[in-house]
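Worksheet: one structure, shown below.
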Amino acid sequence: MASVVELAPSILSANFAQLGAEAKAALEGGGTVLHLDVMDGHFVPNLTIGPPVVASLRKTIPEVTFDCHLMIENPDEFIPAFAEAGVNWISVHQEACVHLDRTLHLISSHGCKPGVVINPATPVRALDEVLEIVHHVLIMSVNPGFGAQHFIPNSLKKVEELARIRNARGLEFRIEIDGGVALDTIGDIVRAGAEILVAGNAVFSHGDIRENAQALLRAARSAAAASKPAPRMIRTAAALRNSKTDRQRRRT
Ligand code: DX5
Ligand code: ZN
């Protein structure tokens, strides 16, 4: 069920005077999803970008998936404009949506993949009723609003719980994590089951952007490879599946 890990550089920590060039550098370093943090000064105590900036970025980066993380009140009012600006995925906070199901359908109706986000204090069970209709679930591993905060370790349990639920219910959503993703946390994050790794500070705030992205991806891939089941266990699992199929066949 789990898919390949991907790095989603968050432009929040980029130099906004050189946004296009820095975003491109992070993608050249191996980022495959560009994470765009939209803040309104109400839902979170900070302000960032709106649709015009996204539309400009889209002109300079035509191909890559744009992952728009809305940390705003009344997201329904802005979803059409961000879709029009060229984003591919839009995620909204469970805490900000009174009619979450309606909002997720609104995102789909504008041709974007719907995602839902929960803050550190919100339990995974708050998402029970929408897991079947989301493309991704974003676990916040810091309180949203700012880059470069400390990773909250409890979010690992939430990632594991989500992965278990996905497996038990046979669902398809992808698991994304956002906040404090860095070289010293990324191994545990991947082992817990996160697949889309948002990183701002660790990519843009020091040194060479391409090299930072490459180093994060290397660490993520090696953790993913180390946590794969051994070949013997895979054969056993396949044998069990086949024998179950045989039993079912005999019954029909
Ligand atoms: C925080 C934002 C994040 C942030 C990532 O509200 O949603 O995307 O940029 O955090 P760091 O800088 O810790 O990677
Ligand atoms: Zn974010």
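The values are calculated or read from the model by the stated rules, or taken from the named source; none is laboratory data. Keep in mind the model is a prediction, meaning the values are calculated, not measured. Because the Cβ atoms are built from the backbone with ideal geometry, glycine has one as well, and the counts that use them run over all protein chains shown.
For D37, indicate whether it is more than 30 Å from A168 (Cα to Cα), within 14 Å of ligand 1 (Cβ to nearest atom) and surrounded by 19 or more Cβ atoms within 10 Å (Cβ to Cβ). If you could, list the steps in order and put the result at the bottom.
Details: more than 30 Å from A168 (Cα to Cα): yes; within 14 Å of ligand 1 (Cβ to nearest atom): yes; surrounded by 19 or more Cβ atoms within 10 Å (Cβ to Cβ): yes.
Here the answer is yes, as D37 does meet what is asked.
Which residues, counting only those in segment 114-154, are more than 13 Å from ligand 2 (Cβ to nearest atom) and among the hydroxyl-bearing types (S, T, Y)?
T122, the sole residue that qualifies.
All but one of (1) in contact with a helix residue (DSSP H, G or I) (Cβ under 6 Å, 6 or more places away or on another chain); (2) not in a loop (DSSP other than H, G, I, E, B) hold for F43, so report the exception by its number.
For F43, the failing item is (2).
Every residue in segment 1-34 that is among the charged types (D, E, K, R), surrounded by 15 or more Cβ atoms within 10 Å (Cβ to Cβ) and touching a residue at least 60 places away in the same chain (Cβ under 8 Å), please. If you could, list the steps in order and put the result at the bottom.
To start, the set of residues in segment 1-34 that are among the charged types (D, E, K, R) comprises 6, 22, 24, 28.
Applying the additional criterion that residues be surrounded by 15 or more Cβ atoms within 10 Å (Cβ to Cβ) yields 6, 22, 24.
E6, E22, listed by residue number.
If I209 meets every condition in (1) within 26 Å of A96 (Cα to Cα); (2) touching a residue at least 12 places away in the same chain (Cβ under 8 Å) apart from one, which number is that one?
Unmet for I209, out of (1) within 26 Å of A96 (Cα to Cα); (2) touching a residue at least 12 places away in the same chain (Cβ under 8 Å): (1).
Look through segment 24-34, keep the residues that are in contact with a Ser or Thr (Cβ under 8 Å, 6 or more places away or on another chain) and of a type outside the set (K, R), and return whichever of them is farthest from ligand 2 (Cβ to nearest atom).
We begin by selecting, within segment 24-34, every residue in contact with a Ser or Thr (Cβ under 8 Å, 6 or more places away or on another chain); these are 24, 32-34.
Next cut, of a type outside the set (K, R) only: 32-34.
Details: T32: 16, V33: 11, L34: 11 Å.
Per the criteria, the residue is T32.
Are there helices (runs of 4 or more DSSP H) fully within segment 147-212 with at least 1 residues that are within 16 Å of ligand 1 (Cβ to nearest atom) and under 15 Å from the mean Cα position of the chain (by Cα)? List them.
Values: elements: 154-169, 186-192, 201-204.
Because the criterion is at least 1 residues that are within 16 Å of ligand 1 (Cβ to nearest atom) and under 15 Å from the mean Cα position of the chain (by Cα), the helices (runs of 4 or more DSSP H) in segment 147-212 that meet it are 154-169, 186-192.
Condition first: modelled with pLDDT of 95 or more, over 13 Å from L197 (Cα atoms) and within 20 Å of the chain's Cα centre (by Cα). Now tell me which residues in segment 1-21 satisfy that.
Within segment 1-21, the subset modelled with pLDDT of 95 or more is 5-21.
Now narrow it down to the ones that are over 13 Å from L197 (Cα atoms): 11-21.
Of everything in segment 1-21, those that are modelled with pLDDT of 95 or more, over 13 Å from L197 (Cα atoms) and within 20 Å of the chain's Cα centre (by Cα) turn out to be I11, L12, S13, A14.
Just need a number here: residues in segment 35-60 that are more than 13 Å from ligand 2 (Cβ to nearest atom) and either touching a residue at least 60 places away in the same chain (Cβ under 8 Å) or of a type in the set (A, V, I, L, M, F, W, C) (or both). Even if it seems obvious, please write down each step before you answer.
Pass one, segment 35-60, residues more than 13 Å from ligand 2 (Cβ to nearest atom): 40-42, 45, 47, 50-60.
Narrowing further to those that are either touching a residue at least 60 places away in the same chain (Cβ under 8 Å) or of a type in the set (A, V, I, L, M, F, W, C) (or both): 45, 47, 53-55, 57.
Qualifying residue count for the region: 6.
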